[in-house]
1. Report, by chain and number, residues whose modeled amide H sits under 5 Å from the one on L66, excluding near sequence neighbours (fewer than 5 apart, same chain).
2. Under the Karplus relation 6.51 cos²θ - 1.76 cosθ + 1.60, θ = phi - 60°, what is the ordered set of whole-Hz ³J(HN,Hα) values for the range 90-98, x standing for Gly and Pro?
3. Compute, for R123, the solvent-accessible surface of its heavy atoms (probe 1.4 Å) with the complete set of protein chains present, and express it in square angstrom to the nearest 10.
4. Under 5 Å between amide H atoms, partner at least 5 residues away or on a different chain: which partners does I99 have, H built in plane at 1.01 Å?
5. Pop out the ³J(HN,Hα) list for the range 28-34 in order, Karplus 6.51 cos²θ - 1.76 cosθ + 1.60 with θ = phi - 60°, rounded to Hz; leave Gly and Pro as x.
6. If one computes the Cα centroid of the range 96-111 and of the range 23-87, what distance in Å separates the two points?
7. Would you mind putting 87-94, 30-37 in packing order, based on average other-beta-carbon counts within 10 Å, highest first?
8. Name the long-range amide H neighbours of R60: under 5 Å, sequence gap of 5 or more, or other chain; modelled H, no Pro or chain starts.
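The values are calculated or read from the model by the stated rules, or taken from the named source; none is laboratory data. It should be emphasised that the depicted structure is a prediction, and the values quoted were computed from it without experimental measurement. Cβ placement follows ideal geometry from the backbone for every residue including glycine, while neighbour counts extend to all protein chains displayed. These accessible areas exclude ligands, DNA and RNA; they are computed on the full protein's heavy atoms, side chains included. Shrake-Rupley method; radii C 1.70, N 1.55, O 1.52, S 1.80 Å.
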Amino acid sequence: MHDELSQSMQVELFASSLRADASDLKAFMEALATKLSGSLPQQTEVARQSSLFSREHPVREITITLGDYQYRITRERQGFPGTSRSKIVRGIVLKTDTIPMDQWIEELALSLAQVSMQSEQSRAALERFLL
């Protein structure tokens, strides 16, 4: 990313990248897990569904912690995503809100843009996210 990109443009780039695979939940979860764990491995946890007789281990849940917020997306049995945001202070979850997926994507994109502005290392990691 170039220095001349405004934070709002970065937010839109992240949001567009997040939405790219959203029509197919399984593909979306796999792509999101790959992007987030590849870009921000310290802040990202990926839980996979495991079955004794299955070769596939699809992503069941992704949790990413950015600043004072933790964003979680889960793949529900009905095929719909469950999305939430938690406020965390000193490692303690104070409040968790279930939010619509569009809002979840926007807020996660905003947090990613804010993280990218904090350090050169974060910026480089999040450039990989967009690729």
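1. Close amide H contacts, sequence-distant or interchain: Y71.
2. These are the phi-based 3J(HN,Hα) values: 6, x, 10, 6, 8, 7, 10, 10, 7 Hz.
3. Estimated to the nearest 10 Å², R123 gives 40 Å².
4. Hits under the 5 Å cutoff: T83, S84, R85.
5. Ordered by residue, 3J(HN,Hα) equals 4, 5, 5, 5, 5, 4, 5 Hz.
6. 14 Å
7. 30-37, 87-94
8. A47, R48, Q49
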